[in-house]
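Working notes, beginning with the structure itself.
The values are calculated or read from the model by the stated rules, or taken from the named source; none is laboratory data. Only a predicted model underlies this, so the values are computations on that prediction, with no experimental measurement involved. Note that we place each Cβ from the backbone using ideal geometry, even for glycine, and neighbour counts take in every protein chain shown.
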Amino acid sequence: MSAKAKKSTSFYMRIIHRYLGFFLVGIMAVYSLSGIVLIFRDTDFLKGEQQVEKQLSLNLSQDELGKALKSKNFKLTKEEGDVLHFSNGAYNKATGMVNYTVKELPYVLNKMTKLHKAKSSSPLFYLNIFFGVSLLFFVVSAFWMFLPKSDTFRKGLYYTLGGLVLTFILLFV
């Protein structure tokens, strides 16, 4: 094989970067939108109220009720006979019925944010790892897009330095 016929690392990096970018367009859009929505997770932005009524075990304690409702900072506001009141609903110890209100994102946004926050116990975590590795590849392969002696590459290094400085400011200030 002649030296001219041999393809450079730069050539392959550009090809993989291009087609991997096209392939990941959909998931990058999902992650960017869900990331923006997650910034507002401590507010009611875009959330709608839904009434929930379900049957639980009888005579649950405050701690058991909090666990059954999957509420982190669960606290009772008052107790009237068999009815335990909490900030967004009530539980009847005698019947086991609980009625409460939850605020949730619209269906599609809720699915997107769950994908974004997938844990290792979720089968989706493999997708998150693949996506994270792909983004890391984009970071590295960007340095093979232009010849190192070109003005574009040198200017790109200045932008890289600026981006790194901004990243450290955001992380440590």
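Here Phe74 meets the list (1) outside any helix (DSSP H, G or I); (2) at pLDDT 95 or above; (3) aromatic (Phe, Trp, Tyr) almost entirely, failing just condition (2).
A search for C-beta distances below 8 Å between a residue of region 120-142 that is without any contact (Cβ under 8 Å) to a residue 60 or more places away in the chain and any residue that is outside any helix (DSSP H, G or I) and exposed (fewer than 12 other Cβ atoms within 10 Å of the Cβ), counting only pairs 6+ apart in sequence or on different chains, returns Phe125/Lys119. Would you please name the residue that is surrounded by the most Cβ atoms within 10 Å (Cβ to Cβ), looking only at residues in region 1-34 that are more than 23 Å from Ser141 (Cα to Cα) and in contact with a helix residue (DSSP H, G or I) (Cβ under 7 Å, 6 or more places away or on another chain)? Checked region 1-34; the qualifying residue surrounded by the most Cβ atoms within 10 Å (Cβ to Cβ) is Ser34.
No other residue among Val37, Val52 is surrounded by 12 or more Cβ atoms within 10 Å (Cβ to Cβ), assigned to a helix (DSSP H, G or I) and either in contact (Cβ under 8 Å) with a residue 40 or more places away in the chain or touching an Asp or Glu at 6+ places or on another chain (Cβ under 8 Å) (or both) apart from Val37. Taking the conditions exactly as written (within 30 Å of the chain's Cα centre (by Cα), in a helix (DSSP H, G or I) and of a type in the set (Ser, Thr, Tyr)), does Tyr19 satisfy them or not? Yes. The numbered conditions (1) out of contact with any helix residue (DSSP H, G or I) (no Cβ under 7 Å at 6 or more places or on another chain); (2) closer than 21 Å to Ile36 by Cα; (3) of a type outside the set (D, E, K, R) are all true for Thr77 except (2). Assigned to a strand (DSSP E or B) and either surrounded by 11 or more Cβ atoms within 10 Å (Cβ to Cβ) or among the β-branched types (Val, Ile, Thr) (or both) - does that describe any residue in region 103-121? Checking region 103-121: at least one residue is assigned to a strand (DSSP E or B) and either surrounded by 11 or more Cβ atoms within 10 Å (Cβ to Cβ) or among the β-branched types (Val, Ile, Thr) (or both).
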